[in-house]
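Asker: Below you'll find the structure I mean.
Read the figures in this text as sums done on the coordinates, not as results from a lab. All values reported here derive from a predicted model rather than from experimental measurement. Because the Cβ atoms are built from the backbone with ideal geometry, glycine has one as well, and the counts that use them run over all protein chains shown.
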């Protein structure tokens, strides 16, 4: 019953953001996100704690500015998500454009599969959706939302143009199958993990338990690992789906050491984007929750 009520409460906003002209929808989405920012003390506290750990040289006022920027980014993405049914191959370039598409083409041409390295950054929901509209569908590794009704709607939107969902619990088998077929998988690898699924690597100089599955699959299949991030470009007034050249894998012959080394390398890529565009990353996630044995909690 509670989930039905949550869905019923959210539905009018989803419909409103879906029918408004895009600039107005973005403005409403950002306003809703800022309202949520004011109401949700716990998320603000987590965000400010993360920013204080990562950028100790910045003032609290600067931390708060970055955090407000994050909520604006989330609100903007919410508006885009609600408008997914209106986007077509002909009009989606008004919303997001490719940047570095040749890097994707080169990786795809190898025929060994492509692993998209990405994060909860910018408009991560828009990246796979736009890519599928241009007939480049992919598998998306995802954890179901707690609300089954909202989860059903989000899944429908994500897979509207050919994308396929891979359940997080079937992660390894799904990825191996996709790489064997030379297909494409998108992986968000910036969330807190627990051993043995995660290994500790530095993220902003702080040990963070990080998903090692991408490194394991890449080393096993020789799939290309392509960083892909959907960045809000204020000057353009739209997003850029940026593809970087494939990450060169570390291969020393020591598998476990190579898994850690490559997970560190992938995490450094994410860190580079977050440093460049700090307002576009998900600071309200307790990224450093899991600690090395014997170390006290950070939250």
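Asker: Which percent, to the nearest 5, of DSSP beta bridges fully inside the chain are antiparallel?
Answerer: Numbers: 13 of 32 bridges.
Around 40 percent of the beta bridges assigned by DSSP in the chain are antiparallel ones.
Asker: Another one. Highest mean first, what order results for 241-247, 96-102 on Cβ atoms within 10 Å?
Answerer: In descending order of packing, they fall as 241-247, 96-102.
Asker: While we're here: Using the Kirkwood formula over every pair of different C-alpha atoms, what hydrodynamic radius in Å results for the chain? Kindly include the intermediate steps, with their values, before the conclusion.
Answerer: Numbers: mean 1/r = 0.0500 Å⁻¹.
It works out to 20.0 Å.
Asker: Could you tell me which of rounded, prolate or oblate describes the stretch 104-237, using a ≥ b ≥ c as the square roots of the eigenvalues of the alpha-carbon gyration tensor, with rounded for a/c under 1.5 and, failing that, prolate when a/b is larger than b/c and oblate otherwise?
Answerer: Values: a/c = 1.22, a/b = 1.11, b/c = 1.10.
It comes out rounded by the Cα gyration axes.
Asker: A further question on this structure: Taking only the Cα atoms of the stretch 190-299, how large is their convex hull per residue, in Å³? Don't jump to the answer; show the numbers that get you there.
Answerer: On the way: hull volume 12.0 nm³, N = 110.
Looking at the stretch 190-299, the number lands at 109 Å³ per residue.
Asker: For 146, 190, 222, what's the fewest-to-most ordering of other Cβ within 10 Å of each Cβ?
Answerer: Listing 146, 190, 222 from fewest to most nearby Cβ atoms yields 146, 222, 190.
Asker: Please report 185, 269 as a ranked list, fewest other C-beta atoms within 10 angstrom at the top and most at the bottom.
Answerer: Sorted ascending by nearby Cβ count, the order is 269, 185.
Asker: Quick one: if the Förster radius is 30 Å, what FRET efficiency do residue 40 and residue 276 give, using the C-beta to C-beta distance and rounding to 0.05?
Answerer: The computed FRET efficiency comes out at 0.70.
Asker: On to the next question. Could you give the nm distance between label points at residue 251 and residue 60, where each point is 7 Å from its Cα heading toward the beta carbon?
Answerer: Here the modelled spin labels are 5.2 nm apart.
Asker: Roughly what % of Cα-Cα distances in the stretch 48-177 sit above 16 Å, to the whole percent?
Answerer: Roughly 72 percent, rounded to a whole number.
Asker: Please build a GNM for the chain, connecting alpha carbons under 10 Å apart, and tell me which residue among 273, 149, 157 fluctuates the most.
Answerer: Among 273, 149, 157, the largest GNM mean-square fluctuation belongs to 149.
Asker: Identify the residues of the stretch 132-157 with backbone N under 13 Å of a label point that sits 7 angstrom from the Cα of residue 164 along the Cα-to-Cβ direction, or state none.
Answerer: In the stretch 132-157, the label zone of residue 164 (backbone N under 13 Å from the point 7 Å along Cα→Cβ) covers 137-141.
Asker: Related question: Can you sort 127, 31, 177 by how many other beta carbons sit within 10 Å, fewest first?
Answerer: Working: 127 25, 31 12, 177 15.
Arranged by neighbour count, lowest to highest, 127, 31, 177 become 31, 177, 127.
Asker: Between the stretch 166-227 and the stretch 79-126, what's the alpha-carbon centroid distance in Å?
Answerer: Cα centroid of the stretch 166-227 versus Cα centroid of the stretch 79-126: 19 Å apart.
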